[in-house]
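Below is one structure, written out as structure tokens, with a few remarks after it.
Readers should treat all values here as calculations from the given coordinates under stated rules, not as data from a laboratory. All values derive from a computational prediction rather than experimental measurement. Counting neighbours? That spans all protein chains shown, and the Cβs are built from the backbone with ideal geometry, glycine included.
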Amino acid sequence: DGDSSASGGSAGGGDDKIVMGFSQVGAESGWRTANTKSVQESAKEAGIDLKFSDAQQKQENQIKAIRSYIQQKVDVIAFSPVVESGWDTVLKEAQNAKIPVILTDRAVDSKDTSLYKTFLGSDFVEEGKKAGQWLVDEYKDSKDTVNIVELQGTTGSAPANDRKAGFSEIISADPKFKVIASQSGDFTRAKGKEVMEAFLKSNPKIDVLYAHNDDMGLGAIEAIEGAGKVPGKDIKIITVDAVHDGMQALADGKINYIVECSPLLGPQLMDLAKKVVKGEQVPPRVVTEETTFTQEQAKEALPNRKY
Ligand code: AHR
């Protein structure tokens, strides 16, 4: 059922090894796979006993996993919330059990910020703004309408909400930019392809695709090629993540620009967990450092990319 423990240490009792319960979103994208690997490897290196469970993109599974970690009396719970809302009850249960919670990668919209110790991850609004800024620069000399289609991430998730908002804020300064269709592709390649096929059928003139992650962009590339168009030329493509396959498509000229979102959160997560368990003060927000890639920069970066 996707649950596993990195070592046999007993939860919360006996030895002094820290036990962490980690509830992962799923395995929806290359980003997620790299993130899971980073968390598992870093736990091992830090000597933390990791109990890992994969929620298959379902909030109910995450809530179940968190409740089970509370029952097992783990020392710390970390999770990447699939959607932003609906966490107050279970977070309150963890708080009542005196188990500290760390949010990684994605935020919750709980008003009561005492329900978690810290939130480690990217600034998704900023990522959306960077994507929008590239577009503004790319079309600065043109007065024609730019028809944009958008592949959103998982409905209700922080990265989908924020990447949409950041992008929209930047491009709405110029009315020539028109988002003519916007729909969720659930951060997966298969859904990205399917939704792009539908976009292509109902919109004869698409200039730009903005996909909230590489995987949906890669699926969309298949749809674009299937419709006899050239990705990167007939339709310009901006994505977010910069995982290996995305970077390869960027270097090959099929994607035009990628905004980086780093999945390598493991080492920082383990540091924060150790501090939180000791009762030390940690900053309430830890933002990941990230960059952007053009096609030329992707060619340079690819040989040394770790994921
Ligand atoms: O929360 C981070 C997002 O989740 C990544 O950008 C996407 O690829 C993943 O599925």
Ordered by packing density, taken as the mean number of other Cβ atoms within 10 Å over each peptide's residues, highest first, how do 95-101, 51-57 rank?
51-57, 95-101
Checked the stretch 173-212 with the C-alpha gyration tensor, a ≥ b ≥ c its square-rooted eigenvalues, rounded below a/c of 1.5, otherwise prolate if a/b is larger than b/c and oblate if not; verdict oblate
Could you give the length gained by full extension between residue 73 and residue 252, i.e. 0.36 nm per residue of separation minus their alpha carbon distance, to one decimal place?
59.5 nm
Sort 84, 45, 150 by Cβ crowding within 10 Å, fewest neighbours at the top.
45, 84, 150
Could you line up 229, 111 from fewest to most neighbouring Cβ atoms inside 10 Å?
111, 229
log₁₀ I(q)/I(0) of the stretch 185-307 at q = 0.22 Å⁻¹, via Debye over equal Cα point scatterers, no solvent, to two decimals?
-1.15
Quick one: divide the alpha-carbon radius of gyration of the stretch 134-232 by 2.2 N^0.38 Å and tell me what you get.
1.03
Suppose a student asked you for the relative contact order of the chain, using Cα pairs under 8 Å spaced at least 6 residues apart; what percent would you report?
18 percent
For residue 118, the residues 5 or more places away or on another chain with a placed amide H closer than 5 Å to its own amide H are 103
A student applying the Cα gyration tensor rule (rounded when a/c is under 1.5; otherwise prolate if a/b is larger than b/c, oblate if not) would label the chain prolate
In whole Å, what is the distance between the alpha-carbon centres of the stretch 14-56 and the stretch 59-98?
15 Å
Non-local residues with an amide H under 5 Å from the amide H of residue 182, with H modelled 1.01 Å from N and Pro and chain starts lacking one, are 150
To make sure I understand the rule: partners must be lysines, Cα under 16 Å from the Cα of residue 130, and not fewer than 8 residues away in the same chain. Which ones qualify?
140, 164, 236
Give me the dipole magnitude in Debye, nearest 20, for the chain about the Cα centre, with unit charges on the beta carbon: positive for Lys and Arg, negative for Asp and Glu.
340 debye
Karplus 3J(HN,Hα) series, Hz, for the stretch 170-176 with 6.51 cos²θ - 1.76 cosθ + 1.60 (x for Gly, Pro)
6, 6, 6, 5, 10, x, 5
Rg and Dmax of the stretch 45-181, Cα atoms only, in Å
19.1, 61
Ranking of 36, 292, 155 by count of other Cβ atoms within 10 Å, fewest first:
155, 292, 36
Taking H as built 1.01 Å from N, whose amide H comes closer than 5 Å to the amide H of residue 241, not counting residues under 5 places away?
259, 260, 261
What are the ³J(HN,Hα) values, in whole Hz, obtained from phi via the Karplus relation 6.51 cos²θ - 1.76 cosθ + 1.60 with θ = phi - 60°, for each residue of the stretch 26-31 in sequence order, with x given for Gly and Pro?
x, 9, 6, 8, x, 4
Which of the peptides 193-201, 137-145 is most tightly packed, and how do the rest follow, going by the mean number of other Cβ atoms within 10 Å of each residue?
193-201, 137-145
